[in-house]
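Here the structure comes first, spelled out in structure tokens, and everything after it is commentary.
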């Protein structure tokens, strides 16, 4: 049986304890202190090691499971199943990894519906703006640059096409976290391979095609798949393209 591993017993600050513990364990996995395939300490063991309550541990582990970093096996415990890259730890905002990943999760639901409404309500002017953003993204790939602003322009154009100001207002309220998430995702993809960035562009293309065709169902599915894939790519240590 793989031994239980917990090397880091630093106490953490009593502010957003679950998020801080989530990031502590994430960092320990990335840095190899908790190897891939290893079993984590029990909830009681983690609570004692980090000086927090079991509910805090439970919440942190729930987030790690949702991100696919750990997996729980009934009667056995929690095991590391995915090791994010060291580069992710470098690029992600210090103390903001939990919010970054939470934002991806929120965007899957929010922007899926935004795309569905955009498909039903878009005008020719909206389509032109989305297409221009798509062309900017293609240009970024040709020039081998990150293209964060073009990516954000693409998503904002779709929100505008939904004709519901609450979608655009929500994206503006989350602008900093969304910028960080897209920046990390695109930088990791650019570092991994140009093929991965091209796959991201193909995902954008499918969203645009569905909106242009007025197919709300396909637009919703394409957008959800795109953001789900972005979330998975961020937490992958592989240089493979990671198609959805």
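Computed from the coordinates by the stated procedures, all read-outs in this text should not be read as laboratory data. What you see is a predicted model, and the numbers here were worked out from it, not measured in a lab. Cβ: placed from backbone, ideal geometry, glycine included. Neighbour counts: every protein chain shown.
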| said: Springs between alpha-carbon pairs under 10 angstrom, Gaussian network model over the chain: which of 174, 21, 188 fluctuates most? | reply: 174
| task | May I ask for the Rg/Rh ratio of the stretch 149-212, computed from Cα atoms with Rh as the Kirkwood radius, given to two decimals? | result | 1.01
| Tail fraction, Cα-Cα pairs, the stretch 17-83, threshold 14 Å, whole percent | 52 percent
| message | Give me the three principal axis extents of the chain from the C-alpha atoms, as integers in angstrom, largest value leading. | response | 60, 35, 31
| Gap in Å between the Cα centre of the stretch 39-73 and the Cα centre of the stretch 83-147? | 30 Å
| GNM, the chain, Cα, under 10 Å: largest mean-square fluctuation among 74, 196, 212? | 74
| Least to most buried among 194, 101 (fewest other Cβ within 10 Å first) | 194, 101
| remark: Length gained if residue 42 through residue 76 is fully extended, taking 0.36 nm per residue and subtracting the Cα-Cα distance, is 11.3 nm
| Acute angle (nearest 10 degrees) that the helix 97-121 long axis makes with the longest principal axis of the chain, alpha-carbon atoms | 30 degrees
